[in-house]
Amino acid sequence: MTLRGAIEFHRMSPNTQWRREEFASQQVSAHERFTMNIKNTKLCAAFTATLFMFTLSACSDGEIPEDAIQNTAMLDFENARIILPLDAFAMSQEDANLVEFARNIAIDECLVKRGVAEPTIVPVSAFREFTTQPLWPDWRYTHWNADFIAQYGILGPPAAPLPPELLETSSSVHSENYNVIFECGDEVRFETILRGSMTEEAFVLSTGYWESLEGARSDHRWSEAAAEWRECIMDKGLTVSPHYEFLVHTSSHDPDSEESRLAFVAAAQCADNLGTVSTLAALEAEFQAGFIAENFAVLNEIQRFGAETVTEARQFLSERGFL
């Protein structure tokens, strides 16, 4: 595991202390406001060693606006993305990239301030490249969008790596000072809030995605869609993976090999022709709408906190000449 990877792994553990010196002189931070507001909701979380399980209830003051809860899904064919109702309460991928970049800059500044690393100049071009990189394609149910896969493969357009200048600072830290890396990782809390986030601010959001998907999988319409897709795959002379009901089997372990790409394109053609992904996405959207209605107050706080985090990250980067 790289030093940066160790930081990111370490920061996934819950930590209610958020000390950001850059904003110490300002009014209460976004995270502090979020923490104070979230305590006013009825939220109970139980943890296991490997999985977060939650029992939730949240009450909204007054009635929920009629247009506040969407119960439909949208397919973005240009980027091979599936947009679901809960996504409205998370950060956009573009904003998440900006926040992640700010986080890495802040960690490096912390290391330099602690005297365990030498400062590194990160060019503005690196920021632009990192924050405008292509979106990851969304294969949450199965491979779809055959034209996209034929052009880019299942990995999608090449993404920009983390700018090497950001890695140089942490790489210069001697082993006896590794604990400082973890401390800086905890101090700097520009947290991204995306689908599947494991941060304390996004527990409810992550739970909503997980519970809604489980609910959709237990619905008879899911198994019916799987049966139709499987029949189409077999008609093409392909086989379904024994590991997952919506995955075509290939003997190659390289997703970019000719065999894999042809198989994935064929599987996507089945999904496109049958409307498999639109069916499953609409099904999951139904369950998400119910979850949103039950936890609207908490989700609103998460959405507000995410917006404030993006604003603070923009201010942080603007002060350093990136914006």
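The values are calculated or read from the model by the stated rules, or taken from the named source; none is laboratory data. What you see is a predicted model; the values in this text were computed from it and never measured. When we count neighbours, we look across all protein chains shown, and the Cβ atoms used for this are built from the backbone with ideal geometry, even at glycine.
Being under 19 Å from residue 82 (Cβ atoms) and not small (Gly, Ala, Ser) is not true of residue 303. So is residue 222 more than 20 Å from residue 155 (Cβ to Cβ), of a type in the set (Phe, Trp, Tyr) and more than 23 Å from the chain's Cα centre (by Cα) or not? Answer is yes for this residue. In region 140-149 there is at least one residue that is within 30 Å of residue 279 (Cβ to Cβ), in contact (Cβ under 8 Å) with a residue 40 or more places away in the chain and among the β-branched types (Val, Ile, Thr).
Might you check whether a residue that is among the small types (Gly, Ala, Ser), within 17 Å of residue 269 (Cα to Cα), at pLDDT 85 or above and not in a loop (DSSP other than H, G, I, E, B) occurs anywhere in region 153-165? No; the residues of region 153-165 include none that is among the small types (Gly, Ala, Ser), within 17 Å of residue 269 (Cα to Cα), at pLDDT 85 or above and not in a loop (DSSP other than H, G, I, E, B).
Here is a yes/no grid of residues against (1) under 18 Å from the mean Cα position of the chain (by Cα); (2) surrounded by fewer than 21 Cβ atoms within 10 Å (Cβ to Cβ):
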position	(1), (2)
112	no, yes
118	no, yes
135	yes, yes
149	no, no
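Among the residues of region 179-198, is any over 18 Å from residue 150 (Cα atoms), among the polar types (S, T, N, Q), within 20 Å of the chain's Cα centre (by Cα) and surrounded by 20 or more Cβ atoms within 10 Å (Cβ to Cβ)? Yes, region 179-198 has at least one match. Scanning region 138-147 for residues that are surrounded by fewer than 22 Cβ atoms within 10 Å (Cβ to Cβ) and within 19 Å of the chain's Cα centre (by Cα) returns 138, 139, 140.
Would you be able to tell me the number of residues in region 184-206 that are in a helix (DSSP H, G or I) and either out of contact with any helix residue (DSSP H, G or I) (no Cβ under 8 Å at 6 or more places or on another chain) or of a type in the set (Lys, Arg) (or both)? Qualifying residue count for the region: 3.
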